[in-house]
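Just so it is clear, none of the values below were taken in a lab; they were calculated from the coordinates. None of these values were measured; they are calculated from a predicted model. Don't worry about glycine lacking a Cβ; one is built from the backbone with ideal geometry, like all the others, and counts go over all protein chains shown.
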Amino acid sequence: MERLFEEAQLQVIELPIEWQENRPVYRAFIRELPTIQAEGTSRQAVYRQLAEAYAAYLAQLREVNEAQEEMTSSLLSTEELLRYYDGETFDGFELPSDE
């Protein structure tokens, strides 16, 4: 699990272990995304929670980006689209003929 965060260039900050009712409580958060936090009875459980929360964050981020891209494309005219995409041509894309 730790390697996942290293590959993503994220640093996990582990807080000191606390004891509640004679049981250890582990806490950690992702330094670059401090709102992603986890708490558990083992270090592995904490890292698993962090990985799940980070995966959910990435999925939400992708959805937002896709929605923004779709909205941008639908608002632009054909000429603006070509300018926006720096003149790239798309498969199956043709300019309407003036016939």
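Per-structure values
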quantity: Every residue from the range 19-55 that is surrounded by 12 or more Cβ atoms within 10 Å (Cβ to Cβ), assigned to a helix (DSSP H, G or I) and of a type in the set (A, V, I, L, M, F, W, C); calculated: ALA45, VAL46, LEU50, ALA51, ALA53
quantity: Search result, residues across the range 14-45 that are closer than 17 Å to ARG3 by Cβ and in contact (Cβ under 8 Å) with a residue 24 or more places away in the chain; calculated: GLU14, ILE30, ARG43, GLN44
